[in-house]
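Written out below as structure tokens is the structure these notes cover.
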Amino acid sequence: MAGDDGGRPSIYPTLLYADAKAAIRQLTEAFGFTEVSVYEGEDGRVMHAELAQGNGAVMLGSKGTGSAFDEAMKGAGPCGVYVVVDDVDAHHRRAQEHGAEILLPPTDQDYGSRDYMARDAEGHVWSFGTYAPEIRG
């Protein structure tokens, strides 16, 4: 099964943005992602990008490229992504400092997690918290 080696995630949320370059800036500056790779088309639009956070990653690209994925996603709304972080309060402060729209401040949950929720510039909802379920194969 893919991902069993522990070195690569087996699930990658994949998002499209009208301004993928701005999304990459926000995700790296406000939310602490690390840019792994960015591939641009001849017109300068982001055809594919990979950003890492901890042992997970997200893929993203520009809307309107005409790719099969772009066509399949036409009319799709924003999505939500949950990301595990060690220090929720520090992560939240960083997001605030970079102007992220905070939907829920850091909150202790009944199930033991501490998390907060933010919306990126194009409407995707990002939750960051300490809850990390154990996945058993």
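Rounded to the nearest 10 degrees, the inclination of helix 20-29 to the longest alpha-carbon principal axis of the chain is 20 degrees.
Ligands, DNA and RNA aside, residue 25 has an accessible area near 120 Å² when probed at 1.4 Å. Multiplying the residue separation of residue 125 and residue 43 by 0.36 nm and removing their Cα-Cα distance gives an extension gain of 26.7 nm. Spin-label model, residue 55/residue 96: points 7 Å from Cα along the beta carbon direction are separated by 3.1 nm. Computed with a 1.4 Å probe over protein heavy atoms only, the accessible area of residue 131 comes to about 110 Å².
Accessible area per residue for the chain is 60 Å², calculated with a 1.4 Å probe on protein heavy atoms, without ligands, DNA or RNA. Net charge dipole, the chain: roughly 160 debye, given to the nearest 20, about the Cα centre with Cβ charges of +1 for Lys and Arg and -1 for Asp and Glu. Altogether, the Stokes-Einstein calculation at 25 °C and 0.890 mPa s, with the Kirkwood radius of region 1-82 over Cα pairs as Rh, returns a diffusion coefficient of 182 µm²/s.
Rolling a 1.4 Å probe over the protein heavy atoms of the chain, with every protein chain left in place, gives an accessible area that is 49 percent carbon and sulfur. Whole-Hz Karplus values for region 88-97 come out as 4, 5, 5, 5, 4, 4, 4, 4, 4, 4 Hz, taken residue by residue from phi with 6.51 cos²θ - 1.76 cosθ + 1.60 and θ = phi - 60°; glycine and proline positions read x.
Modelled label positions at residue 74 and residue 134, each set 7 Å beyond Cα in the direction of Cβ, lie 4.7 nm from each other.
The values are calculated or read from the model by the stated rules, or taken from the named source; none is laboratory data. Being a predicted model, the structure only gives us computed values, none of them experimental. Every residue, glycine among them, receives a Cβ derived from its backbone with ideal geometry; neighbour counts consider all protein chains shown. The area values use the complete protein model at the heavy-atom level, side chains included, leaving out ligands, DNA and RNA. Shrake-Rupley method; radii C 1.70, N 1.55, O 1.52, S 1.80 Å.
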